[in-house]
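Data block below; observations after.
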Amino acid sequence: MNSGNNKTFLTQPSLRVMLIFLFLWLVSNSLLILSTTDLFREPFFQGRYLVIYMLMVGSTIATGKVVSNYLKNR
């Protein structure tokens, strides 16, 4: 097993993979914001949506990592 050649779509993403991640991040976080605010009728920051906020932060970090890996390996 060659551990020095671990090329995956997360460690060495192509432009297409990065754009897919950005699109999915944008759509999913937009839908989460719309669902938590009831189409902007309620305030965004409420304690009962803590799990959704953590999900949004996690997806932002993961997408940021993919973008930074793309820029680093470009």
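The values are calculated or read from the model by the stated rules, or taken from the named source; none is laboratory data. It should be emphasised that the depicted structure is a prediction, and the values quoted were computed from it without experimental measurement. Note that each Cβ is placed from the backbone with ideal geometry, even for glycine, and that neighbours are counted across all protein chains shown. Side chains are part of the model used for accessible areas, which takes the heavy atoms of the whole protein and leaves out ligands, DNA and RNA. Shrake-Rupley method; radii C 1.70, N 1.55, O 1.52, S 1.80 Å.
Okay, here's what the table says:
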{"quantity": "Positive dipole terminus of the chain, leading residue within Ser35, Val57, Asn69 (C-beta point charges)", "calculated": "Asn69"}
{"quantity": "Å² of accessible area per residue within the chain, as computed with a 1.4 Å probe and no ligands counted", "calculated": "79 Å²"}
{"quantity": "(1) 1.14; (2) 1.19; (3) 0.98, with the label sought being that of the calculated Rg/Rh (Cα atoms, Kirkwood Rh)", "calculated": "(1)"}
{"quantity": "In nm, spacing of pseudo-spin labels at Phe9 and Ser35 (7 Å Cα→C-beta vector)", "calculated": "2.2 nm"}
{"quantity": "Degrees, to the nearest 10: 50-73 long Cα axis against longest axis of the chain", "calculated": "30 degrees"}
{"quantity": "Distance in nm between pseudo-label sites at Leu26 and Phe44 (7 Å out along the Cβ direction from Cα)", "calculated": "1.7 nm"}
{"quantity": "Carbon plus sulfur fraction of accessible area for the chain, probe 1.4 Å, in percent", "calculated": "69 percent"}
{"quantity": "Per-residue SASA entry for Val51, accessible area with 1.4 Å probe, Å² rounded to 10", "calculated": "110 Å²"}
{"quantity": "Sites excluded, chymotrypsin sites (Phe, Trp or Tyr not before Pro) in DSSP loops with at most 10 other C-beta within 10 Å, longest stretch of the chain", "calculated": "1-39"}
{"quantity": "Rounded to 10°, Cα long-axis angle of helix 15-36 versus longest principal axis of the chain", "calculated": "20 degrees"}
